[in-house]
Amino acid sequence: MAWSRRFFLEKSNYELDKQIKGFSPEVEQIFKFYKWPGNLRELRNAIERAVIMVKGNKINPEDLPAELRGETASRANGSDPSPQVGSLISMEHLEEAHLRKVLERTSNLAEAAQVLGIDQATLYRKRKKIGLE
């Protein structure tokens, strides 16, 4: 799967006009040991999101989705959203936290919609629902 990581990185760099050089050794280890239930589609989405979120020129663990790092959602977004059951959090609160994070890290709504894998009209409705107009 190493060739596909490089392919998806180059593809994302081209499509998003970025110059990300590669992955940190920690990210390589995460990729190596993660079970990939979504197979190549999950890998492609994770790399595309990381390319958008990365601050430097190399993808680090914090640029990856929380589930790849083995983190719970509340620990990943730095909050303790409610309602919770034990260490579980509602999908609504998880989606809201992720939406806020993507909107903070992207430069415009089109880019945010692309990262989220939704169209701009859906993003608009979701923003309106949580009061981010």
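Give the shape of the stretch 1-62 as rounded, prolate or oblate, defined through the alpha-carbon gyration tensor: a ≥ b ≥ c are the square roots of its eigenvalues, a/c under 1.5 means rounded, and otherwise the shape is prolate if a/b is larger than b/c and oblate if not. Here the stretch 1-62 falls in the oblate category. Under the simplified labelling scheme, the Lys18-Asn108 pair shows an inter-label distance of 1.8 nm, with each label point 7 Å from Cα along Cα→Cβ. Given their separation in residues at 0.36 nm each and the Cα-Cα distance between them, Lys55 and Arg69 gain 3.3 nm when the chain is fully extended. Straight distance only, please: which lysines reach the Cα of Lys129 with their own Cα at less than 20 Å, same-chain residues fewer than 8 apart left out? Reachable lysines: Lys101.
Residue ranges 114-124, 44-54 sort as 44-54, 114-124 when ordered by packing (mean number of other C-beta atoms within 10 Å per residue, highest first).
Stretched out fully, how many nm does the piece from Leu132 to Gln29 gain, at 0.36 nm a residue minus the Cα gap? Can you show the working numbers first?
Working: separation 103, 0.36 × 103 = 37.08 nm, distance 3.65 nm.
In short, 33.4 nm is gained.
Estimated from the Cβ-Cβ distance and a Förster radius of 41 angstrom, the FRET efficiency linking Arg6 and Thr122 is about 0.85.
FYI, it's all coordinate maths here, none of it is from the lab. The structure presented is a predicted model; accordingly, all values stated were derived computationally and were not measured. Please note: Cβ atoms are built from the backbone with ideal geometry, for glycine as well, and neighbour counts cover all protein chains shown.
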